[in-house]
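Quick one: the structure is below, questions incoming.
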Amino acid sequence: MANGLRGGTVVSRMLKDQKPINISGMDFRFDPRTGKAEAVSGNGQFGLCFDDWGNRFVCSNRNPVRHVVIEDRYLKANPDVTVPAVMHDVAAWGEQSRIFPISRAWTTSNLHAGQFTAACGVYIYRGDLLPAEFKGNAFTCDPTGNLIHREIMQPAGPTFTSKSAYEGKEFLASPDEWFRPVNMELGPDGALYIVDMYRCVIEHPDFVPDELKRRPDQRLGDDRGRIWRIVPKDADPTRQRGSVRLGASNNEDLLALLAHPNAWQRETAQRLVLERQRLAIAPRLRDMAKNSKEPQARARSLWLLAGLNSLEKHELIAAMDDQSTDVRRQSILLAEMLPGDEEVKNGVMRCRDVNDAAVRFLANLVSRSVTLRNHSNDVEDPWMRASIRLALDRQHAAWTFASLVGNRADSAPRSNGQLELIGELAEIGHAERIGTNATALTVARDVLLGFPRSEVGLVALAGALRGSTKLAGDTGFSADDWSAIQAKLLTLANDRTLALDQRRSAVSLLAYVPNSTAAIARLTARDQDQALRLAAVVALGRQSAIPEWLPLLGSFASDTPPVRRAIIDGLLARPERIKLLLDAVEAGKIKATELEPPQVKRLVEHRDAAIKERAAKLLASAVPADRAQALADYQPVLKMAGDAKRGQAIFEKNCSACHRIAGIGVNVTPDISDSRTKKLDQLLGDILQPNRAIDNNYLGYVVRLQDGTIATGILTTETATSITLKQQGGKEAVIARSEIDELRSSGQSLMPEGLERTIPPPDMADLLSFIKARRYPDGRTPLSPDP
């Protein structure tokens with residue numbers, strides 16, 4: 001079941017004792033025989049399908065084809081590992097996508113013209129009536145564009161990549177503006193069937209501009225619909241199968257259909273055999289699983305034997321050596337039904353060396369072990385790297401880490417993938433012993449201090465210290481160890497012959513080193529490279545320092561906006577430093593209006609009563625006034641003649657951390673650059689009353705970590721073991737659930753209230769003029785006024 005992006009809780013009516021299932025950020029599945037249900041990786045909007053080998057694909061408005069690469073059960077099996085994503089966009093998506101309507105296709109946002117805006121009904125063609133080159137292709141509907149798009153997919157490691165099947169045109173496009181394809185299915189004849197919603201208007205009611213809500217044609221077509229059947233132009237009519245009724249077929253005839261080239265016959269036959277539960281056909285299935293020429297028949301026979309509780313261990317192990325890599329993958333999945341059998345596990349482990357990345361990927365996840373000796377390039381693929389991490393417990397992660405690091409005399413450069421994996425494995429296995437007296441953490445220390453390649457030591461120790469910090473563990477390092485580490489990091493940070501990324505990594509790593517506050521503070525000096533200085537301010541924020549922030553506050557007024565933002569974030573990160581910030585506001589070193597509204601909100605709603613009370617007094621001028629009154633006060637702005645050029649500077653200062661227009665800023669929250677369907681009063685209302693209509697996908701979240709620090713942003717991804725926050729400036733933070741003390745939604749948009757405090761009426765007129773530079777000018781409906 002595709003979730004639909006809105007989360008929720010699922011309750012089983014078949015199993016009264018089953019706990020409610022939270023499907024936030026997930027999709028969902030249930031067993032119709034038992035009623036057992038669970039959340040699964042996802043999530044999709046409208047459209048969910050499988051290819052011939054059980055790979056699951058979903059889509060959402062702007063994402064035409066997404067492959068679910070890692071199922072949630074593998075994440076739950078290793079909670080030490082955080083994975084930032086479980087789905088892969090097979091086809092170009094969002095602003096990178098291209099579609100070519102031949103109708104007067106009209107999108108609410110002109111920035112979305114020629115792109116997917118309503119992708120739905122994704123389908124992998126698995127029939128035999130369309131030409132052979134269509135087999136395995138992905139098709140996606142876009143009812144806004146009155147078309148169906150076709151992508152040619154190719155395997156790419158554990159997932160897929162694709163390209164558009166045509167240049168400048170579509171598989172199916174219509175000039176009929178009522179043609180609204182939304183879903184597809186395969187028929188028993190092998191034809192592709194299309195569900196056509198057949199509506200005059202396709203728009204989400206929450207986002208229809210006010211001036212278009214009165215259009216007379218909104219409901220036209222809601223009593224109609226069409227189904228189209230797609231066949232080759234030159235199809236032989238005598239070949240078309242017409243009505244197919246398999247319910248009366250005998251078992252032998254059904255088994256023969258397991259090798260049919262059309263998926264409808266294969267799946268229907270398989271279902272009917274499974275429903276009948278006739279154990280007498282088991283010998284015939286065994287023969288097919290071993291001797292059928294068709295891989296599909298061999299694989300489906302294995303699954304049917306399992307469904308009849310008749311699959312024998314030796315048959316499963318034999319299938320792991322099948323000449324078809326697809327059959328091998330099915331045998332590995334079936335092996336999950338026998339988790340404790342050593343022979344079966346050994347068979348899965350042999351598949352780790354198969355010359356097929358998709359097989360190795362699944363074998364890693366199911367066997368919970370890996371081998372890199374014959375397939376060292378696997379570490380360059382992020383999905384393969386994720387399977388390696390998920391396959392390893394802490395001890396094996398430490399051993400694999402040591403083998404990748406090598407010895408101190410090894411001066412060979414490491415690839416990006418090797419470096420990534422070294423850091424990730426050090427984080428998992430930091431406390432595990434590699435030798436008699438050595439742990440991954442001490443090996444990382446030795447590598448940093450004695451390895452010729454500084455990048456290896458930096459990523460190794462950074463990963464190991466991250467792991468140690470997560471578990472609040474004692475590193476066991478002596479004062480001399482820490483002193484040597486600090487000296488080495490300072491040498492690297494100040495070495496101008498090194499790449500800037502390495503120097504910045506050295507600065508960031510100092511945050512974990514005790515008694516490094518003074519050293520980090522020196523790196524925040526204004527004569528440093530700004531990238532290094534920013535890294536140093538962030539590192540200082542991880543320390544419990546207080547006095548070292550005073551020089552930064554003293555030079556605050558003359559610092560650049562990124563540094564000022566980092567300073568305020570650092571002061572807000574720990575309660576004991578908030579007093580410094582409030583002192584600076586009281587002393588006039590920082591104006592109340594220099595704090596961004598979300599920062600003001602955090603202070604005036606702080607859990608500490610003393611901080612809350614003091615902030616409310618000091619920041620009163622920055623606390624938003626009543627929203628209705630603010631909007632009323634700004635009504636004269638609508639009659640002012642604004643200057644778009646001046647408005648650009650105002651946008652850059654106040655809005656660019658979360659919005660992007662004309663190449664300025666980043667899009668963290670919804671794209672506002674296209675305003676042609678919004679009038680000036682709507683835009684003014686959106687700015688002054690941002691919480692009057694919020695898309696749930698853009699609600700702000702506040703995360704309190706175990707170490708007392710706070711992270712805020714939009715919750716974009718959830719897995720069993722981690723969450724991902726999208727933050728101001730376009731940054732993303734992946735946070736392990738084990739690090740979280742409290743996660744809560746603010747119930748409000750990330751867009752702050754109270755911008756009128758920093759944008760007076762003349763500036764607001766300029767800002768509106770800039771935003772409205774490209775707009776839908778006269779409120780005309782995109783279709784003819786004639787109903």
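Quick grid of which residues meet (1) polar (S, T, N, Q); (2) at negative phi; (3) crowded, with 19+ Cβ neighbours inside 10 Å; (4) without any contact (Cβ under 8 Å) to a residue 40 or more places away in the chain:
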| site | (1), (2), (3), (4) |
| --- | --- |
| ILE388 | no, yes, yes, yes |
| GLN395 | yes, yes, no, yes |
| VAL405 | no, yes, yes, no |
| GLU420 | no, yes, no, no |
| ILE434 | no, yes, yes, yes |
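Of the residues that sit in the stretch 568-608 and are part of a loop (DSSP other than H, G, I, E, B) and of a type in the set (Lys, Arg), which one is surrounded by the most Cβ atoms within 10 Å (Cβ to Cβ)?
Per the criteria, the residue is ARG574.
Results for (1) buried (at least 20 other Cβ atoms within 10 Å of the Cβ); (2) touching a Lys or Arg at 6+ places or on another chain (Cβ under 6 Å); (3) at pLDDT 80 or above; (4) under 27 Å from ARG6 (Cβ atoms), shown as yes or no for each residue.
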| residue | (1), (2), (3), (4) |
| --- | --- |
| LEU631 | no, no, yes, no |
| ASP643 | no, no, yes, no |
| ARG646 | no, no, yes, no |
| GLU652 | no, no, yes, no |
| ALA662 | no, no, no, no |
| PRO670 | no, no, no, yes |
| ASP674 | no, no, no, yes |
| ASP695 | no, no, no, yes |
| THR712 | yes, no, yes, yes |
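Quick check: is even one residue across the stretch 601-616 at pLDDT below 85, within 29 Å of ASP681 (Cβ to Cβ) and either among the hydroxyl-bearing types (Ser, Thr, Tyr) or out of contact with any Ser or Thr (no Cβ under 7 Å at 6 or more places or on another chain) (or both)?
Looking through the stretch 601-616, at least one residue is at pLDDT below 85, within 29 Å of ASP681 (Cβ to Cβ) and either among the hydroxyl-bearing types (Ser, Thr, Tyr) or out of contact with any Ser or Thr (no Cβ under 7 Å at 6 or more places or on another chain) (or both).
Residues are listed down the side, and each one gets a yes or a no for (1) surrounded by 12 or more Cβ atoms within 10 Å (Cβ to Cβ); (2) closer than 22 Å to ASP681 by Cβ; (3) over 34 Å from the mean Cα position of the chain (by Cα); (4) in contact (Cβ under 8 Å) with a residue 24 or more places away in the chain:
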site	(1), (2), (3), (4)
TYR193	yes, no, no, yes
MET197	yes, no, no, yes
VAL201	yes, no, no, yes
ASP206	no, yes, no, yes
PRO216	no, no, yes, yes
ARG219	no, no, yes, no
ASP223	no, no, yes, no
ARG226	yes, no, yes, yes
VAL231	yes, no, yes, yes
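Which is farther than 22 Å from LEU365 by Cα and aliphatic (A, V, I, L, M), of ALA77, ALA2, ALA39?
Within the list ALA77, ALA2, ALA39, the selection yields ALA2.
With the structure loaded, tell me whether ALA299 is open to solvent by less than 20 Å² (accessible area, probe 1.4 Å) and either without any contact (Cβ under 8 Å) to a residue 60 or more places away in the chain or among the hydrophobic types (A, V, I, L, M, F, W, C) (or both) or whether it fails that test.
Taking the combined requirement at face value, the residue satisfies it.
Now, a different point. Please verify whether ARG29 is farther than 26 Å from ALA733 by Cα, within 17 Å of the chain's Cα centre (by Cα) and either of a type outside the set (A, V, I, L, M) or surrounded by fewer than 21 Cβ atoms within 10 Å (Cβ to Cβ) (or both), treating the condition exactly as stated.
No.
Residues that are aliphatic (A, V, I, L, M) and either touching a residue at least 40 places away in the same chain (Cβ under 8 Å) or closer than 28 Å to TRP383 by Cα (or both): find the strands (runs of 3 or more DSSP E) completely inside the stretch 115-160 holding 3 or more of those.
Passing ranges, in order: 147-156.
Can VAL69 be described as closer than 26 Å to ILE21 by Cα and open to solvent by less than 20 Å² (accessible area, probe 1.4 Å)?
The answer is yes for VAL69.
Of PRO777, PRO782, which residue is modelled with pLDDT under 75, open to solvent by 50 Å² or more (accessible area, probe 1.4 Å) and not in a strand (DSSP E or B)?
Only one candidate passes the filter, namely PRO777.
The values are calculated or read from the model by the stated rules, or taken from the named source; none is laboratory data. Just so we're clear, the structure is a prediction, and the values are computed from it rather than from any experiment. Using ideal geometry, Cβ is built from the backbone for each residue, glycine included, and neighbour counts are taken over all protein chains shown. All accessible areas refer to the heavy atoms of the entire protein, side chains included, with ligands and DNA or RNA removed. Shrake-Rupley method; radii C 1.70, N 1.55, O 1.52, S 1.80 Å.
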